[in-house]
């Protein structure tokens with residue numbers, strides 16, 4: 001499932017995620033699932049038909065990512081693999097950063113990050129922040145709605161409704177998600 005929130009130049013995308021890394025970092029072995037949230041550049045395309053035609057939209061370059069993940073054998077409600085990526089190198093995420101606040105109160109923590117888009121952009125090396133003033137204000141006003149979706153998706157993952165792995169035998173590598 002994918003949710004997208006679009007502002008002037010910034011988009012926030014949220015999706016459930018099931019993941020098995022064939023070459024995991026120590027302590028990250030085995031499948032994990034949860035919710036991924038990305039802040040991305042958003043672009044409106046030109047109309048390709050009449051004034052009534054659908055507008056092309058591109059969710060482009062990633063800026064920041066939060067992975068609210070847990071191993072499949074983790075106790076309920078424990079996001080033992082939650083981390084974020086403060087920046088990207090092109091399409092590749094930068095280093096993983098583990099934060100106790102993110103694991104303890106993931107929805108609140110993500111909301112705090114989104115509410116200060118200027119600082120988030122600065123840490124990611126995107127800026128200057130004043131170029132994104134409209135996005136900053138609009139995103140701050142939508143944080144409650146975004147975090148409600150984030151909380152709902154986490155609950156649906158926990159219940160087993162979302163972020164399920166591929167059917168059949170356990171694969172050595174898998175990524176089931178929009179993001």
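The values are calculated or read from the model by the stated rules, or taken from the named source; none is laboratory data. Model, not experiment: these values are computed from the prediction. When we count neighbours, we look across all protein chains shown, and the Cβ atoms used for this are built from the backbone with ideal geometry, even at glycine.
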Across (1) assigned to a helix (DSSP H, G or I); (2) free of Cβ contacts under 8 Å to residues at least 24 places away in the same chain; (3) surrounded by fewer than 19 Cβ atoms within 10 Å (Cβ to Cβ), residue 140 clears everything bar (2)
Scanning the stretch 77-93 for residues that are closer than 19 Å to residue 20 by Cα and assigned to a loop (DSSP other than H, G, I, E, B) gives 78, 79, 80, 81, 82
Requiring at least 3 residues that are at pLDDT 95 or above, touching a helix residue (DSSP H, G or I) at 6+ places or on another chain (Cβ under 7 Å) and more than 15 Å from residue 126 (Cβ to Cβ), the strands (runs of 3 or more DSSP E) wholly within the stretch 1-65 are 32-44
The condition of being farther than 21 Å from residue 95 by Cβ, surrounded by 13 or more Cβ atoms within 10 Å (Cβ to Cβ) and free of Cβ contacts under 8 Å to residues at least 40 places away in the same chain holds, among 43, 8, only for 43
Would you call residue 68 at pLDDT 95 or above, buried (at least 18 other Cβ atoms within 10 Å of the Cβ), closer than 14 Å to residue 35 by Cα and within 15 Å of the chain's Cα centre (by Cα)? yes
Answer yes or no as to whether residue 86 is surrounded by fewer than 13 Cβ atoms within 10 Å (Cβ to Cβ) and in contact with a helix residue (DSSP H, G or I) (Cβ under 9 Å, 6 or more places away or on another chain).
no
Quick check on the stretch 122-135. Is at least one of its residues in a loop (DSSP other than H, G, I, E, B) and surrounded by 16 or more Cβ atoms within 10 Å (Cβ to Cβ)? yes
Check whether at least one residue in the stretch 100-114 is in contact (Cβ under 8 Å) with a residue 60 or more places away in the chain and surrounded by 14 or more Cβ atoms within 10 Å (Cβ to Cβ), and report yes or no.
yes
(1) in contact with a strand residue (DSSP E or B) (Cβ under 6 Å, 6 or more places away or on another chain); (2) more than 17 Å from residue 17 (Cβ to Cβ) all hold for residue 176 apart from (2)
